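Below is one structure, written out as structure tokens; comments come after it.
The values are calculated or read from the model by the stated rules, or taken from the named source; none is laboratory data. Keep in mind it's a predicted model, so treat the numbers as computed, not measured. Cβ sites come from the backbone with ideal geometry, for glycine too, and all protein chains shown count toward neighbours. What goes into the accessible areas is simple: the full protein's heavy atoms, side chains included, and nothing from ligands, DNA or RNA. Shrake-Rupley method; radii C 1.70, N 1.55, O 1.52, S 1.80 Å.
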Amino acid sequence: MTISTLTPEQLHKMDAYWRAANYLSVGQIYLYDNPLLKRPLVLTDVKHMLLGHWGTTPGQNFIYVHLNRVIKKYDLDMIYVSGPGHGGPAVVGNTYLEGTYSEIYPDISQDEAGLQRLFKQFSFPGGIPSHASPECPGSIHEGGELGYSLSHSFGAVFDNPDLIVACVVGDGEAETGPLATAWQSNKFLDPVTDGAVLPILHLNGYKISNPTVLARIEHEELEQFLTGCGWTPCFVEGDDPETMHQLMAGTLEKAIEDIRQIQDNARNNNDTTRPRWPMIVLDSPKGWTGPKVVDGLQVEGTFRAHQVPLHPRVHPEHLKLLEDWLKSYRPEELFEGQGRLKPELAELAPRGERRMGANPHANGGMLLRELRMPDFRDYAADVPAPGAPGIGDTHVLGPFLRDVVKLNDAQRNFRVFGPDETLSNGLAALFEVTPRQWDAATVPNDEWLAPAGRVMEMLSEHQCEGWLEGYLLTGRHGLFNCYEAFIHIIDSMFNQHAKWLKVTAHLPWRHKIASLNYLLTSHVWRQDHNGFTHQDPGFIDHVVNKKAEVVRVYFPPDANCLLSVMNHCLKSHHYVNVVVAGKHPAPQWLSMDAAVKHCSEGIGIWQWASNDQAVAPDVVMACCGDVPTLETLAAVSILREHLPELKIRVVNVVDLMKLQPPSEHPHGLSDMEFDELFTRDKPVIFAYHAYPWLIHRLTYRRTNHHNIHVRGYKEEGTITTPFDMTVLNDLDRFHLVMDTIDRLPQTGDKGIYLKQQLKDKLIEHKQYINKHGQDMPEIRNWKWNNPT
Ligand SMILES: Cc1ncc(C[n+]2csc(CCOP(=O)(O)OP(=O)(O)O)c2C)c(N)n1
Ligand SMILES: [Mg+2]
């Protein structure tokens with residue numbers, strides 16, 4: 001590396017550009033008015049509420065101006081991911097300087113009035129958030145919740161061979177679990193078909209009020225740690241701007257050239273050794289160039305620089321410090337009288353779509369190409385009559401997904417992500433057409449591993465989620481398959497993605513992206529190997545907290561419904577779709593034609609199972625989920641055999657959101673439609689896949705809510721037989737029948753006698769499973785016989 005990569009003139013200009021970005025950042029945090037300091041600063045020029053994060057910002061501004069230089073020099077296709085996205089003033093300021101901000105928001109013009117509005121809007125009611133939020137051009141990562149920057153960056157470069165993501169990782173962020181695991185992403189990156197991530201560890205030494213671990217280990221230890229994670233770290237350390245500019249410029253050039261060399265070797269020389277990709281450690285003071293000492297305490301280079309170091313409205317003597325700080329950037333040298341950045345500085349930014357704020361990858365919907373879809377009907381399970389045997393619903397889905405992969409192989413825009421379960425979740429058919437992408441070593445007996453593949457598996461739900469989000473945010477499609485219980489691990493990441501979707505849906509310049517699709521299987525009712533730890537259907541409760549406009553939850557009761565639902569989800573935009581499905585052999589209910597109709601409606605009466613066609617029903621047996629549907633139909637067959645005079649209506653719910661009123665969710669049934677299905681006054685025995693209270697939550701406003709009695713998972717579980725799982729939670733057919741009898745006094749003595757029989761049955765069941773270790777033959781061999 002040469003010590004003087006930059007000519008004195010370049011260095012001077014880059015330093016000025018950095019000062020301009022720093023000036024804009026301080027202006028955003030503090031100023032209400034007087035944006036160019038054309039008159040002495042007075043208290044009324046300062047905002048009342050001072051919100052924002054200074055500490056990370058000058059370092060990010062420094063990185064941004066240096067990235068701009070290499071983008072121009074090497075004509076790079078590059079986007080910027082800000083791990084400590086609370087450094088919002090940096091990305092907003094830089095996209096303003098490069099011109100993209102004003103193109104999207106003409107009101108924030110490149111003049112004094114625009115500057116004033118730029119400053120005022122930041123962290124201000126009616127303005128913009130303090131992070132690298134969706135409102136900020138060039139952002140695919142808000143960085144409010146720390147930890148996901150590196151996984152997002154890798155997701156963005158998969159199948160984007162020309163893209164480089166410069167990913168700033170906070171040294172505090174690096175302590176999070178998701179970030180700690182994300183360093184390993186380099187074992188899953190194909191230098192031939194994927195792009196590159198350039199991590200820049202922002203070692204400013206501090207978090208909010210603590211030092212960071214990585215800043216307080218030996219230099220050598222940090223180097224070994226990063227090297228051990230498979231990277232080639234290059235250090236840029238210091239605080240003298242001039243020296244640092246030269247160091248950063250040289251280091252960045254070397255990193256870009258190394259990336260190109262690695263790619264060239266792999267792409268043109270067939271070099272298959274795993275690259276040790278370059279990364280940068282930027283060791284610079286937190287709050288660099290800000291106030292050094294305030295009220296006798298050191299600020300620059302300490303944790304005290306994290307947020308807002310001066311409070312002029314509380315301490316009037318800070319006003320002068322603020323003015324001095326702003327003036328230290330010498331704004332008169334940076335901006336013309338009218339407030340526009342001087343042309344000799346403006347020319348440092350890249351042009352057009354090479355500007356990081358204008359790069360289409362950061363507005364992924366612009367690049368979205370629809371998937372080529374096979375006809376899902378071609379994969380139908382044969383269901384000559386309800387109750388036909390099935391091989392396991394996800395096993396039927398597998399060949400359909402296989403062909404989605406196959407059909408989109410050329411456009412390289414579909415991937416399936418999962419911790420380690422694609423096979424055990426019943427999707428083995430995928431491996432007929434694609435391996436798992438794996439760029440570390442392989443040995444004989446490994447299966448389906450190759451440097452490039454459509455299936456991404458690493459045993460970190462965080463990593464899978466982050467990769468998939470990054471992939472979607474840059475305009476591609478994907479599916480996350482996961483054990484139902486462990487999807488909770490990414491609850492919080494789902495939150496952030498759902499928030500992103502909600503906000504971007506209302507930004508006209510942001511194009512819609514493909515939906516985030518979850519296939520949750522190996523679900524609560526069938527955890528034969530694993531028991532209680534693997535039994536938790538609560539993700540659904542979590543998901544429905546989010547805005548109705550972005551979340552969808554589906555419980556296909558059989559394979560044909562699963563095919564229809566998944567086809568719909570993969571074609572949809574800007575939602576989070578949660579699909580819960582079984583993988584074990586289970587009876588099938590609907591032919592493909594019937595499934596398409598049922599799933600299109602999302603909820604409906606199963607006429608073939610009901611006998612209330614001519615008259616009002618005595619009871620509605622509702623079910624949602626594959627196992628509850630099975631138990632409900634078994635209960636219906638008992639009722640119809642023993643109490644044939646009862647009029648029973650069977651309602652199956654595929655689309656959970658149908659239960660909500662239309663005012664709450666766009667899929668919601670009107671009250672009239674709901675009453676037609678569930679009646680206004682008859683008991684409803686509702687067998688539900690997950691925690692029962694969600695059904696109450698969704699239906700509490702409905703006319704007949706007080707008659708809805710829900711059975712579901714109530715946190716009873718262990719390793720036991722499949723049927724016993726339902727018994728432990730009172731969701732089994734016998735309990736459902738007993739519930740019905742309890743709610744229908746007209747069943748009289750006949751009902752009481754039947755109840756007694758069923759109670760005896762439950763004891764018989766316990767005795768049988770304890771002795772034989774499997775369910776009674778009458779349970780195992782039960783088949784739906786259409787009662788006459
Ligand atoms: C997951 C998560 N936990 C806690 C916080 C609260 N928080 C905001 S900033 C911050 C410190 C971040 O430190 P670092 O990553 O080093 O960023 P920088 O020093 O660049 O500001 C913390 C703990 C958060 N935003 N996200
Ligand atoms: Mg830090």
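Consider D724 carefully, then state whether it is in contact (Cβ under 8 Å) with a residue 40 or more places away in the chain, buried (at least 18 other Cβ atoms within 10 Å of the Cβ) and over 37 Å from the mean Cα position of the chain (by Cα). Considered against the rule, which asks whether it is in contact (Cβ under 8 Å) with a residue 40 or more places away in the chain, buried (at least 18 other Cβ atoms within 10 Å of the Cβ) and over 37 Å from the mean Cα position of the chain (by Cα), D724 comes out as no.
Residue-wise test of (1) without any contact (Cβ under 8 Å) to a residue 40 or more places away in the chain; (2) among the aromatic types (F, W, Y); (3) farther than 17 Å from V165 by Cα.
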position: N68; (1), (2), (3): no, no, no
position: Y80; (1), (2), (3): no, yes, no
position: T95; (1), (2), (3): no, no, no
position: S102; (1), (2), (3): yes, no, yes
position: I108; (1), (2), (3): yes, no, yes
position: L115; (1), (2), (3): no, no, yes
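Residues in the range 691-744 that are among the polar types (S, T, N, Q) and assigned to a helix (DSSP H, G or I): T699, N707, T726, T740.
Listed by first and then second residue, the pairs linking a residue in the range 196-225 that is in contact (Cβ under 8 Å) with a residue 40 or more places away in the chain and more than 8 Å from ligand 2 (Cβ to nearest atom) to a residue that is open to solvent by less than 50 Å² (accessible area, probe 1.4 Å) and of a type in the set (S, T, Y), with Cβ atoms under 8 Å apart and 6 or more places separating them unless they lie on different chains, are V197/S153; V197/S185; P199/S153.
Restricting the search to the range 148-181, which residues are among the aliphatic types (A, V, I, L, M), away from ligand 2 (no atom under 16 Å from the Cβ) and buried (at least 23 other Cβ atoms within 10 Å of the Cβ)?
Hits for the range 148-181 are A156, V157, I164, V165, A166.
E223 falls short on exactly one of the conditions (1) under 32 Å from the mean Cα position of the chain (by Cα); (2) within 16 Å of ligand 1 (Cβ to nearest atom), and that condition is (2).
Scanning the range 529-543 for residues that are out of contact with any Ser or Thr (no Cβ under 8 Å at 6 or more places or on another chain) and over 13 Å from C624 (Cβ atoms) returns H529, N530, T533, Q535, D536, G538, F539, D541, H542, V543. All conditions but one from (1) away from ligand 2 (no atom under 16 Å from the Cβ); (2) among the polar types (S, T, N, Q); (3) open to solvent by less than 10 Å² (accessible area, probe 1.4 Å) apply to S82; the one that does not is (1).
Residue-level check: of (1) open to solvent by 10 Å² or more (accessible area, probe 1.4 Å); (2) touching a residue at least 60 places away in the same chain (Cβ under 8 Å); (3) β-branched (V, I, T), T504 misses just (1). Is it fair to say T442 is open to solvent by less than 10 Å² (accessible area, probe 1.4 Å) and of a type in the set (S, T, Y)? Spelling it out, it is not the case that T442 is open to solvent by less than 10 Å² (accessible area, probe 1.4 Å) and of a type in the set (S, T, Y).
Pairs are defined by a Cβ separation below 6 Å, a sequence spacing of at least 6 or placement on different chains, a first member in the range 52-65 that is over 12 Å from V91 (Cα atoms) and in contact (Cβ under 8 Å) with a residue 12 or more places away in the chain, and a second member that is within 11 Å of ligand 1 (Cβ to nearest atom) and open to solvent by 10 Å² or more (accessible area, probe 1.4 Å); the pairs so defined are G52/S130; H53/H86; H53/Q307; G55/H306.
What do you reckon, is E353 open to solvent by 20 Å² or more (accessible area, probe 1.4 Å), closer than 30 Å to A166 by Cα and free of Cβ contacts under 8 Å to residues at least 24 places away in the same chain? Yes; evaluated as a whole, the condition is true for this residue.
Yes or no: the range 502-514 includes at least one residue that is more than 30 Å from A385 (Cβ to Cβ), assigned to a helix (DSSP H, G or I), of a type in the set (S, T, N, Q) and out of contact with any helix residue (DSSP H, G or I) (no Cβ under 7 Å at 6 or more places or on another chain). Explain how you work it out, then say what you get.
We begin by selecting, within the range 502-514, every residue more than 30 Å from A385 (Cβ to Cβ); these are 502-514.
Within this subset, residues satisfying the condition of being assigned to a helix (DSSP H, G or I) are 502-504.
So of that shortlist, the ones also of a type in the set (S, T, N, Q) come out as 504.
Remaining after also requiring out of contact with any helix residue (DSSP H, G or I) (no Cβ under 7 Å at 6 or more places or on another chain): 504.
Within the range 502-514, one or more residues are more than 30 Å from A385 (Cβ to Cβ), assigned to a helix (DSSP H, G or I), of a type in the set (S, T, N, Q) and out of contact with any helix residue (DSSP H, G or I) (no Cβ under 7 Å at 6 or more places or on another chain).
Could you check how many residues of the range 400-415 are crowded, with 19+ Cβ neighbours inside 10 Å and farther than 18 Å from Y554 by Cβ? Count: 7. Take I108 and tell me if it is β-branched (V, I, T), assigned to a loop (DSSP other than H, G, I, E, B) and within 19 Å of L345 (Cβ to Cβ). When the stated conditions are applied, I108 passes them.
Tell me the residue from C561, C569 that is surrounded by 23 or more Cβ atoms within 10 Å (Cβ to Cβ) and either not acidic (D, E) or not in a helix (DSSP H, G or I) (or both), please. Outline the logic, then answer.
Numbers: C569 fails: surrounded by 23 or more Cβ atoms within 10 Å (Cβ to Cβ).
Exactly one of C561, C569 is surrounded by 23 or more Cβ atoms within 10 Å (Cβ to Cβ) and either not acidic (D, E) or not in a helix (DSSP H, G or I) (or both), namely C561.
In the range 75-91, which residues are away from ligand 1 (no atom under 14 Å from the Cβ) and either aliphatic (A, V, I, L, M) or in contact with a strand residue (DSSP E or B) (Cβ under 9 Å, 6 or more places away or on another chain) (or both)? Of everything in the range 75-91, those that are away from ligand 1 (no atom under 14 Å from the Cβ) and either aliphatic (A, V, I, L, M) or in contact with a strand residue (DSSP E or B) (Cβ under 9 Å, 6 or more places away or on another chain) (or both) turn out to be L76, D77, M78, I79, Y80.
The lone criterion from (1) within 16 Å of ligand 1 (Cβ to nearest atom); (2) in a helix (DSSP H, G or I); (3) closer than 23 Å to S460 by Cβ; (4) touching a Gly at 6+ places or on another chain (Cβ under 6 Å) left unmet by A156 is number (1).
Could you pull out the residue among K759, K766, K755, K682 that is of a type outside the set (A, V, I, L, M, F, W, C), under 24 Å from D618 (Cα atoms) and exposed (fewer than 15 other Cβ atoms within 10 Å of the Cβ)?
K759
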